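The values are calculated or read from the model by the stated rules, or taken from the named source; none is laboratory data. Note that this is a predicted model, so its numbers are computed, not measured. Reconstructed Cβ throughout: ideal geometry from the backbone, glycine too, with neighbour counts over all protein chains shown.
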Amino acid sequence: MPVSRFPRLTLPPGPPVRRRSPELTYASAEHPPAATALTLGLQHALTALTLITYVIAAATLGRLDVAQTQALVAATALAMGVGTAFQSWGGRVGPGILLVHIPNPLFLLLMAEVIGRYGSGGLVMASLLAAVSMLLVSVLLPFLRTLFPPAVAGVVICMSGLSLGGSSLAHAVGLDAQGLVDGPSLLIALVTLGMIVGCSVWGSRQVKLLGMLAGIAAGLLAALLAGRLTGAEQIAQAPLFALPSLPTPVFAIDPGLAAAIMLVAIMSQLDTLGSVVLMQKVEDADWRRADMKTAGKAMRANGLGDLVGACLGAYSTVTSSANIALAHISRSTSRIIGLVAAALLVLVAVMPQLTLALTLLPAPIIGAIEIYVAAFLIVGGIELITQRALDSRGIFVVGISLTLGLGVELIPALAQNVPAALTFIAGNGLIVASLTAIGLNLLFRLGTSRSATITLADAPDGAPAITDFVTQQGAAWGARRDVITRAALAALEASEALQASPGRRLLALRGSFDEYNLDVELLHDGPPLPLGAPVAADLRHLLDDEDDASLSHALAGASTALLHHLADRLQSGHSAGQSFLRLHFDH
């Protein structure tokens, strides 16, 4: 029998691919069989829905009742489906790749604050501000990479996790007004968190993807045995299908809170950029660097999806790295799968029984998931910070920002001495740390040259001087550690090749950096160094041959081959009375 396939949808062209990855079963533009698309789309939808707990956690912190929380969950699931559809469809609304949306974990505390102050209606304005910020980022993307380097983004993400610690523990242990711990709540939280951690650490690749779902299931079983599971009658009485109820919009929110929402929305788009890069690596066997046009379209799709969600009072969304891992494991990046997942998310949004079941998760389960999220954000922020080499300026940016952010969290009274309009900003550790990091980064970069030169003609320790120069300047510029290491090795190899070549003497070393490119130039006298393609040599013949010139020529060719391997591009020439050898590294 012929294999059933979905109708051949005429989708807009997706991003260009140099060479389709041979590891893929179904690439982005390919149509899988109907059963395969449905199965994989269901897995993507379930993976995204397990993270709806971010929304429930925000609603719990904001003290919404069950009906309001259910409406928020339904609206957010609908926004997730719309955003996922925009990403997969492509054209003018998105990039045309498999990117699934989830509730934005960075917004958990801010959305909880909005809900606590203004009710669920405040999310209309909050999500609208986030959507507008994302759309602006999609246009201004080329200019924001310098403003938000990895160290600053890492501070924001790390501080988000640290700020979540207190509330997550309170929910997990069932802390009451007297500060007493509830034993059954603690047990439920431990079972939930233990299952999530166990699946993530010891599970197979497929089990790891379902770790949070398994944790929720284990927590529900523990809650049932402890007599803490309620709401079965409510679920049975709920209608099978119904549209999400719309909250009464509240547009007048605190200016400081609005600024914080826009800031976090801009910062969260760094995660969208990372998602695009990951998907391009999975899709393209010859991937070299991020396609900023595709990333801009992905951010536009995120903003448009949140714009639709804002009309419903939904929680802001972002692209999911967990679903990218699922696409990698299933070896399928077909856009059809993304459209199926989007349709299933929209279907869940209009089924009150399912959204109510998600809403009635016990507080200890939510607390355990909050602890998992906090740990993930803290470690993710630290990893992002340590991607770049840090000099004293970078250390101060990170250290002072986190210290002030934690200080505000630990000493809330500090915010009482500022004007009323700034109370929220001064009392929120995430905002204080973020603004401090951005301000210090801009301050330390004022007047700082992005290029530097060292004279080597009279240097007695040429080799250490070269490696020290590249390493120190790379740290001062905030370049990636792996690129700095390659640049230092290549500069040292190039200097040895020049010094070993007759008639040439190394004079100076010049470096420049602009966030996208790292260039190292070796200035020397004599003719430019030839950079012809390396030719394979018979090493045994060369060693037996008494002609030293042949051996020297072969060694020079080996040095050139190594430089071609270390640097992304080589150039040799003559300019301003000096010869140069330029080593270029993509950043």
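Counted as qualifying within the range 333-407 are the helices (runs of 4 or more DSSP H) with 2 or more residues that are modelled with pLDDT under 85 and either among the basic types (Lys, Arg) or under 30 Å from residue 174 (Cβ atoms) (or both), namely 352-359, 363-385.
Close contacts from the range 484-498, counting a first residue that is within 11 Å of residue 584 (Cα to Cα) and a second that is in a helix (DSSP H, G or I), with Cβ to Cβ under 7 Å and a gap of 6+ residues or different chains, come to 486/566; 487/470; 487/474; 490/563; 490/566; 491/466; 491/470. When the residues of the range 288-320 are filtered to those that are part of a loop (DSSP other than H, G, I, E, B) and touching a residue at least 40 places away in the same chain (Cβ under 8 Å), the one that is farthest from residue 73 (Cα to Cα) is 288.
Each row is one residue, and each column tells you yes or no for (1) under 19 Å from the mean Cα position of the chain (by Cα); (2) at pLDDT 85 or above; (3) assigned to a helix (DSSP H, G or I).
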site	(1), (2), (3)
228	no, yes, no
233	no, no, yes
252	no, yes, no
259	no, yes, yes
286	no, no, no
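In the set 46, 11, 38, 24, only one residue is hydrophobic (A, V, I, L, M, F, W, C) and touching a Ser or Thr at 6+ places or on another chain (Cβ under 7 Å); that residue is 24. Within the range 235-250, the set of residues being closer than 28 Å to residue 118 by Cα and either in contact with a His (Cβ under 6 Å, 6 or more places away or on another chain) or assigned to a helix (DSSP H, G or I) (or both) comprises 235 only.
Look at the range 20-36: where a residue is touching a residue at least 24 places away in the same chain (Cβ under 8 Å) and a partner is surrounded by fewer than 14 Cβ atoms within 10 Å (Cβ to Cβ) and not basic (Lys, Arg), sitting 6+ places away or on another chain with Cβ atoms under 7 Å, you get 33/3; 33/4; 34/4; 35/4. Across the range 28-71, which residue is nearest to the chain's Cα centre (by Cα) among those that are crowded, with 20+ Cβ neighbours inside 10 Å and not in a helix (DSSP H, G or I)? By that ranking, first place goes to 51. Highlighted here are the helices (runs of 4 or more DSSP H) found entirely within the range 470-582 that include at least 2 residues which are at pLDDT below 80: 539-544, 548-566. Selection of the range 46-66 for residues being among the charged types (D, E, K, R) and in contact (Cβ under 8 Å) with a residue 40 or more places away in the chain yields only 63. Of all residues in the range 73-95, none are in a helix (DSSP H, G or I), assigned by TED's automatic domain parsing to the domain that holds residue 292, among the β-branched types (Val, Ile, Thr) and surrounded by fewer than 16 Cβ atoms within 10 Å (Cβ to Cβ). Of all residues in the range 226-236, one or more are among the basic types (Lys, Arg) and within 19 Å of residue 170 (Cα to Cα).
Is it the case, given these coordinates, that residue 204 is within 30 Å of residue 444 (Cα to Cα) and either under 27 Å from the mean Cα position of the chain (by Cα) or not assigned by TED's automatic domain parsing to the domain that holds residue 102 (or both)? For residue 204, the condition - within 30 Å of residue 444 (Cα to Cα) and either under 27 Å from the mean Cα position of the chain (by Cα) or not assigned by TED's automatic domain parsing to the domain that holds residue 102 (or both) - is not met.
Flag: residue 113 matches the condition of being among the acidic types (Asp, Glu) and in contact with a helix residue (DSSP H, G or I) (Cβ under 8 Å, 6 or more places away or on another chain). Among residues of the range 385-413 that are closer than 17 Å to residue 443 by Cβ, those with a beta-carbon under 8 Å from a residue that is outside any helix (DSSP H, G or I) at least six positions away or on a different chain give the pairs 390/478; 394/388; 394/478; 398/390.
Condition check ((1) surrounded by fewer than 20 Cβ atoms within 10 Å (Cβ to Cβ); (2) part of a helix (DSSP H, G or I); (3) of a type in the set (Asp, Glu); (4) not assigned by TED's automatic domain parsing to the domain that holds residue 429) across all residues:
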residue: 102; (1), (2), (3), (4): no, no, no, yes
residue: 108; (1), (2), (3), (4): no, yes, no, yes
residue: 113; (1), (2), (3), (4): no, yes, yes, yes
residue: 116; (1), (2), (3), (4): yes, yes, no, yes
residue: 127; (1), (2), (3), (4): no, yes, no, yes
residue: 135; (1), (2), (3), (4): yes, yes, no, yes
residue: 186; (1), (2), (3), (4): yes, yes, no, yes
residue: 195; (1), (2), (3), (4): no, yes, no, yes
residue: 199; (1), (2), (3), (4): no, yes, no, yes
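Scan the range 149-179 for residues that are touching a helix residue (DSSP H, G or I) at 6+ places or on another chain (Cβ under 9 Å) and part of a loop (DSSP other than H, G, I, E, B) and the total you get is 4. At pLDDT 95 or above, touching a helix residue (DSSP H, G or I) at 6+ places or on another chain (Cβ under 9 Å) and surrounded by fewer than 24 Cβ atoms within 10 Å (Cβ to Cβ): does that describe residue 141? Spelling it out, it is not the case that residue 141 is at pLDDT 95 or above, touching a helix residue (DSSP H, G or I) at 6+ places or on another chain (Cβ under 9 Å) and surrounded by fewer than 24 Cβ atoms within 10 Å (Cβ to Cβ). When the test is whether a residue is surrounded by fewer than 24 Cβ atoms within 10 Å (Cβ to Cβ), charged (D, E, K, R), in contact with a helix residue (DSSP H, G or I) (Cβ under 8 Å, 6 or more places away or on another chain) and closer than 18 Å to residue 86 by Cβ, residue 300 passes it. Just a yes or no: is a residue in the range 321-336 surrounded by fewer than 24 Cβ atoms within 10 Å (Cβ to Cβ) and either of a type in the set (D, E, K, R) or without any contact (Cβ under 8 Å) to a residue 40 or more places away in the chain (or both)? Yes, the conditions are met somewhere in the range 321-336. Exactly one residue out of 415, 420 is surrounded by fewer than 18 Cβ atoms within 10 Å (Cβ to Cβ), small (Gly, Ala, Ser), in contact with a helix residue (DSSP H, G or I) (Cβ under 7 Å, 6 or more places away or on another chain) and not assigned by TED's automatic domain parsing to the domain that holds residue 258: that is 415.
When the criteria are applied in full, residue 248 meets the requirement of being β-branched (Val, Ile, Thr) and in the same structural domain as residue 117 (by TED's automatic domain parsing).
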